[in-house]
Amino acid sequence: MTALLLPLLAFIATTSLVVFFAYDLLFETPLEKAAVKVLGRQNVERPQRLGDRFAKALEKKDDLTVARRLSAAGFDWTPGRFWMLASLPAIAGAVAVIVVWGNFLAASLVGLLLSISVPRLGLAWLERRRGVMFQDQLPAAVEVLVRGARSGLPLHECVRLVASEGPQPIAGEFRAILHEQAIGRTLADAFAIVAARIGTPESNLLATVVQVQSQTGGNVAEILEGFSGSLRARAMLREKIKTITAESRLSAYMLAVLPFASFKIVENSFPEKTRLLFDTPSGNLVLFGIVVWTLIGIAIVFKMVNMKV
């Protein structure tokens, strides 16, 4: 009985610590929920609790914090909730390696690789996808602003029209502009704040156009109409480049699949030799290096064929 007491206490203490961090990271107080509902996630700061300080230490130190990148990707999450959920693929991958191979070294390496790559790559992909949707919908939204300005409506009422009737995500971003204006910022500053969070060239151009118009004056409809023509020209150029680089992108896909297909062919031909990569610690290290360098090569190839306008 005494021999089981210490492991039981250690299990209870560990479980309590995990539950504390999970609750601290995943859930908010009712007061915080009400503040977020009224002011928006980007304008509410949570108290510096232990879980938040832990999550903040994991944030990437760049121009956009994790909270703003989550907002740009369309998620109303705290950074702590993101890191808590993003750790699940690393845990699942490590457990799968232990169950299949029983190798704790390989499981640690797989868990480390997934914990570094999956959260950042996944968030970057979601952020980029929403940015592409925004820039595809922006020309039509600017056309609505032009027609509203020609009919005599002020610019903020035209923005309200897009926010109420436009598709997502453009409607949500224009609602954020109205929200920034409602808490005391000028319309030009509201456009600039939302554009900085989205991070696309088109949103930055729109913020610049509104900023220049607010400082120098002029016909809003004519200025926005010229900007709309520029947006459509950029969209046509992107489609043209996409068509020209179609062959290169197909080659990139083939090069990405080729290493894995080659390994499968070699495994079917010489299974006793390829098993050394899975059954020995040195083979696990070699396999880990092969996978890492293959993924780096694939990333470089796709970087070369993806041209930005």
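What is the sum of charges around Pro271, taking Lys and Arg as +1, Asp and Glu as -1, for the other residues whose C-beta is under 13 Å from the C-beta of Pro271? Spell out each step's value before the answer.
On the way: positive: Lys264, Lys273, Arg275; negative: Glu267, Glu272, Asp279.
Charge balance in the 13 Å sphere: 0.
Residue by residue through the stretch 138-146, which ³J(HN,Hα) values in whole Hz follow from phi under the Karplus form 6.51 cos²θ - 1.76 cosθ + 1.60 (θ = phi - 60°), with glycine and proline marked x?
Working through the residues one at a time gives 5, x, 5, 5, 5, 4, 5, 4, 5 Hz.
For a protection proxy built on the mean count of beta-carbon atoms within 10 angstrom, sort 90-96, 168-174 highest first, please.
Descending packing order for the listed peptides: 168-174, 90-96.
Apply the Kirkwood formula to the stretch 130-243: the hydrodynamic radius equals the inverse of the mean of 1/r over all pairs of different alpha-carbon atoms; give it in Å with one decimal. Don't skip to the end; give the middle numbers.
Values: mean 1/r = 0.0710 Å⁻¹.
It is 14.1 Å.
Working only with C-alpha atoms, what are the Rg and Dmax values of the stretch 245-305, expressed in angstrom?
Here Rg and the maximum Cα pair distance are 14.0, 43 Å.
From zero up to wherever the largest Cα-Cα distance of the stretch 156-309 sits, split into 10 Å bins and tell me the percent of pairs in each.
9, 24, 20, 15, 15, 11, 6, 1
Using a 10 Å cut-off on Cβ atoms, rank the peptides 186-196, 103-113 from the highest mean neighbour count down. Present the calculation step by step, with values, prior to reporting the outcome.
Numbers: 186-196: 19.8, 103-113: 17.5.
Packing order, densest peptide first, comes out as 186-196, 103-113.
No value in this document is a laboratory result; all are computed from the given coordinates. From a predicted model like this one, the values you see are computed outputs, not experimental measurements. Virtual Cβ from ideal backbone geometry, glycine too; neighbours counted across all protein chains shown.
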